[in-house]
Structures are given as structure tokens and as C-alpha cells.
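**Q** First, the structure itself, so that you have it in front of you.
Each reported figure results from applying straightforward, stated rules to the coordinates on display, with no laboratory input. Only a predicted model underlies this, so the values are computations on that prediction, with no experimental measurement involved. Quick reminder, even Gly has a Cβ in these numbers, built from the backbone with ideal geometry, and neighbours come from all protein chains shown.
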Amino acid sequence: MPELPDVELFKRLVEQHCMGCVIAKAVVADPGSLDGSSPTALQERLKGERLRSCRRHGKVLFIEVASAGALAMHFGTNGSLAYLVRDQQEPPYVRLWLDFADGDRLAYVNPRRIGHVQLVQSSDAFIAGAGLGPDALDPSFDAAAFAAALGERKQAIKSILMDQTRMAGIGNIYADEILFQAKLHPATSANALDTSATRRLFEAVKSVLQTAIDCGAGAENFTDRLPKGFLIPERHAGGRCPRCGTALQADKRGGRTGYFCPDCQPEPRA
Ligand SMILES: [Zn+2]
């Protein structure tokens, strides 16, 4: 499932190839992948528009166009973007095409059709309206803001890390990695963390996400690029802790399965 590092890679792809390009035509291959507008309305709004900038907030990518607002892209469980030069073979499961005036194309690909594209007035308005918390990698989301987001809650820290209204961008897979690097059990209550554990968790949020981006790794793609000592490549049944070799344990929470090392991340004392 795409998380913050995946979406940051999509953003870089758009920035590298598409900035300043003029949309000759938007082709909606699957109307069900649009939210809030008809294919015709979307095509009319985007035709002739120039791509102005690209912004990521948490797991949402905004492609901002000159006068028609922004396309907000949600990648669901396995969505992605592909950039194709003229006449390059099309990948399967493309739901939306942006065809540029020079013949190149940007494809929104989404095999399972979970996730969608929306035309929004502005990224700021969308973020406020959706109630998203600060982007986890935003420099203004600092140690104090992180401590405030955790609050004095009894809630398990893993659930808070994944709560997009508290901080945006972290899902099940990177939450496991962050907790592993911070040596904290996923069920630890936020209000049981002392100052040094809170600091350690904050630093793990920043360093894990930044390291993944720097390596070009996502949640499920290119995970072999992650440095030695990362949990993600071992996150499966039968996986072992990359630090101590202990068999990883599964942690079921909110319908999702997580993994942790029972030795490196001991259960909190009640
Ligand atoms: Zn371990």
C-alpha cells in the first residue's frame, strides 16, 4: 500500500518530466476512478492547462494546474503513476491519462480501483477540508508538534502514527519500521512514553521516512534498496529480526497485520 515515501517518488517523477507541460487531452479510461466530476467536466477543465507545480501532503499527491485548481490523487492499496514517452507501450490498469502536447503521457495506474482522482479548488482547501494532520516530514512538524499530536492519550502509539488526522503519511508498513527503529512495542500507550522515548520515536519518524525516500524505496516496492538493519524486508510470516535474529511476531490491529520483534520491542509493563 503506497505510503509517504511511495507518493514522494511519484511526486519526483512528475517534477522530473511534467512541469510546464501543456495537457492536450485528459483521457478518462475508468469513470469510476473519478470522484466529484464527470469525465466530460474533467476533460473540459484540464484541456490546454499547463502543469504548474506538484505537492505531496501525507499520502495524497496534488498536481496543480495553471487555472483549474489541482488534481488530488489517492493511490489506495496499489495505485501508482507512470510516465510514458511518445509511442511507449501502455501499462495495464490505467484509469486516467494526461496526454501532453509533445506526445508524452502521464498515467494514473490503479489495478484494484481503490483510490481515486479528484479535481479540487486548491490543495490547501482540500487538506483543511479533509482534516489531514501535518505532513509527517514537514519541517514545521517538529518535536513539540509531534509530542502534542501524541498527547496524553491511552491509545496505542501505532494507531496514533497511522491516524492521518494527527500526522499524515504513515501507514501500517512504515509504522512498523518506525516502531522497530525506536525500539517500542506497537501497543505502548502514548501516555506511557517518557520524554526520551517520545524524542526517540519522533526521530525515528523523520529518519525512517527520509531514508526510504533517499534510497528510492516504497512500502512494498524496491524494499531491497533499504539499508541493512531495516525491518521492512523481513516483515512477513517467518521473518526474523534484522538486529537480533529473533522470530518476528504478528500484531493484529484495526484489521491490519503488523510485525515487531518481541526482544527488541518488549511489551510495555501494565
Ligand atoms: Zn530483535
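**Q** In whole angstrom, note down how far apart the Cα centers of region 17-56 and region 193-219 are.
**A** 34 Å
**Q** Next question. If you scale each eigenvalue of the Cα gyration tensor by 5 and take the root, what three semi-axes come out for region 4-130, rounded to whole angstrom and sorted largest first?
**A** Over the Cα atoms of region 4-130, the semi-axes work out to 19, 17, 15 Å.
**Q** Among the lysines, which fall within straight-line cross-link reach of residue 11, defined as a Cα-Cα distance under 20 Å, with same-chain neighbours fewer than 8 residues apart omitted?
**A** 59, 206
**Q** Same structure again: Remind me, relative contact order of region 1-131 in percent, using alpha carbon pairs under 8 angstrom and six or more residues apart?
**A** Relative contact order comes out at 29 percent.
**Q** In a solvent-free Debye calculation with one equal scatterer on each Cα, what is log10 I(q)/I(0) for the chain at q = 0.08, 0.16 Å⁻¹, listed in the order of the q values?
**A** Listed by q, the Debye log ratios stand at -0.36, -1.17.
**Q** Using each residue's phi in region 109-123, evaluate 6.51 cos²θ - 1.76 cosθ + 1.60 at θ = phi - 60° and report the 3J(HN,Hα) Karplus result to the nearest Hz, with x for Gly and Pro.
**A** So the Karplus estimates, Gly and Pro as x, are 9, 7, x, 8, 6, 9, x, 7, 10, 10, 8, 10, 5, 7, 5 Hz.
**Q** Also: Across region 171-179, in residue order, what do the Karplus-derived ³J(HN,Hα) couplings come to in whole Hz, using 6.51 cos²θ - 1.76 cosθ + 1.60 with θ = phi - 60° and x for Gly and Pro?
**A** Listing the rounded values in order: x, 4, 6, 6, 4, 4, 5, 4, 5 Hz.
**Q** How long are the semi-axes of the equivalent ellipsoid of region 143-260, taking √(5λ) for every eigenvalue λ of the Cα gyration tensor, in whole Å from largest down?
**A** 22, 16, 13
**Q** Skipping prolines and chain starts, which residues have an amide H placed within reach, meaning under 5 Å, of the one on residue 59, given they are 5 or more residues away or on another chain?
**A** 169
**Q** Roughly how far apart, in whole Å, are the Cα centres of region 114-191 and region 231-252?
**A** 23 Å
**Q** To the nearest 20 debye, what charge dipole does the chain have about its Cα centre, counting +1 at the Cβ of each Lys and Arg and -1 at the Cβ of each Asp and Glu?
**A** Here the chain has a charge dipole of around 460 debye.
**Q** Within 10 Å, count the other beta carbons around each residue, average over each peptide in 68-75, 143-150, and list them highest first.
**A** Going by the mean number of other Cβ atoms within 10 Å, highest first, we get 68-75, 143-150.
**Q** Step through the residues of region 78-94 one at a time and calculate ³J(HN,Hα) from phi using the Karplus curve (6.51 cos²θ - 1.76 cosθ + 1.60, θ = phi - 60°), rounding each to whole Hz and writing x for Gly and Pro.
**A** Those phi angles translate into 8, x, 7, 10, 9, 10, 10, 7, 2, 6, 5, 5, 6, x, x, 6, 6 Hz.
**Q** Skipping prolines and chain starts, which residues have an amide H placed within reach, meaning under 5 Å, of the one on residue 153, given they are 5 or more residues away or on another chain?
**A** The answer is 191.
**Q** Which value in nm describes the separation of the simple spin-label points at residue 228 and residue 101, placed 7 Å from the Cα toward the beta carbon?
**A** 5.2 nm
**Q** What is region 34-89 by shape, rounded, prolate or oblate, if you read a ≥ b ≥ c off the alpha carbon gyration tensor as root eigenvalues and call it rounded for a/c under 1.5, prolate for a/b larger than b/c, and oblate otherwise?
**A** Rounded, because the longest to shortest axis ratio a/c is under 1.5.
**Q** Hey, can you rank 18-25, 260-267, 166-173 by average C-beta count inside 10 Å, highest first?
**A** My ranking of the peptides, most packed first, is 166-173, 260-267, 18-25.
**Q** Would you calculate the separation in nanometres between label points at residue 189 and residue 27, each defined as 7 Å from the Cα along the Cα-to-beta-carbon direction?
**A** Placing both labels 7 Å along Cα→Cβ, they lie 5.7 nm apart.
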